[in-house]
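The values are calculated or read from the model by the stated rules, or taken from the named source; none is laboratory data. Remember, predicted model here, so these are calculated numbers, not experimental data. For neighbour counting, all protein chains shown are included, and Cβ atoms are generated from backbone atoms with ideal geometry for every residue, glycine included. Just so you know, the surface numbers come from the protein's heavy atoms only, side chains and all, with ligands and any DNA or RNA stripped out. Shrake-Rupley method; radii C 1.70, N 1.55, O 1.52, S 1.80 Å.
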Amino acid sequence: MGQETSPVQVHLSLLFSKESAFRAYDEFDISEIQKQDDGSLLVTTELPEDDWLYSFLLSLGASVRVVSPLHVEKKLINYIEEMKKKYFDL
């Protein structure tokens, strides 16, 4: 029987629009949330980097942006492009 390895934790910075602040407060601990001058919220957290992470980020919709790390932002953009092709490049 093989030993399963845990996914690597990734340090994320996510920027939520002020209109979607409730999502930040629903999903993250208050200690991970910093209110910005413009009303947006910066969330700094650590999550496992696996398929679940990208599904979770996609579920947050257009009201959130990955600030860092860059490789997570790029992979998320690739997922979005793949989805777009499935629906619009028939």
Legend entry - Sole exception among (1) crowded, with 16+ Cβ neighbours inside 10 Å; (2) in a helix (DSSP H, G or I) for Val66, by number: (2)
Legend entry - Restricting the range 10-25 to residues that are more than 13 Å from Asp38 (Cα to Cα) and under 13 Å from the mean Cα position of the chain (by Cα), the residue that is surrounded by the fewest Cβ atoms within 10 Å (Cβ to Cβ): His11
Legend entry - Residues that are of a type in the set (A, V, I, L, M, F, W, C), in contact with a Ser or Thr (Cβ under 8 Å, 6 or more places away or on another chain) and within 23 Å of Ser6 (Cβ to Cβ), drawn from the range 20-76: Phe28, Val43, Val66
Legend entry - Any pair with Cβ under 6 angstrom, 6 or more apart, that starts in the range 59-71 at a residue that is more than 13 Å from Ser13 (Cβ to Cβ) and ends at one that is open to solvent by 60 Å² or more (accessible area, probe 1.4 Å) and among the aliphatic types (A, V, I, L, M): none
Inset, instruction - Please indicate, with yes or no, whether at least one residue in the range 41-48 is open to solvent by less than 100 Å² (accessible area, probe 1.4 Å), more than 12 Å from the chain's Cα centre (by Cα) and under 21 Å from Phe28 (Cβ atoms). - result: yes
Inset, instruction - May I ask you to list pairs of residues, at least six apart or on different chains, whose Cβ atoms are under 8 Å apart, with the first in the range 14-28 being touching a residue at least 40 places away in the same chain (Cβ under 8 Å) and the second being in a helix (DSSP H, G or I) and of a type in the set (Ser, Thr, Tyr)? - result: Phe16/Ser63; Ser17/Ser63; Glu19/Ser63; Ser20/Ser63; Arg23/Ser63
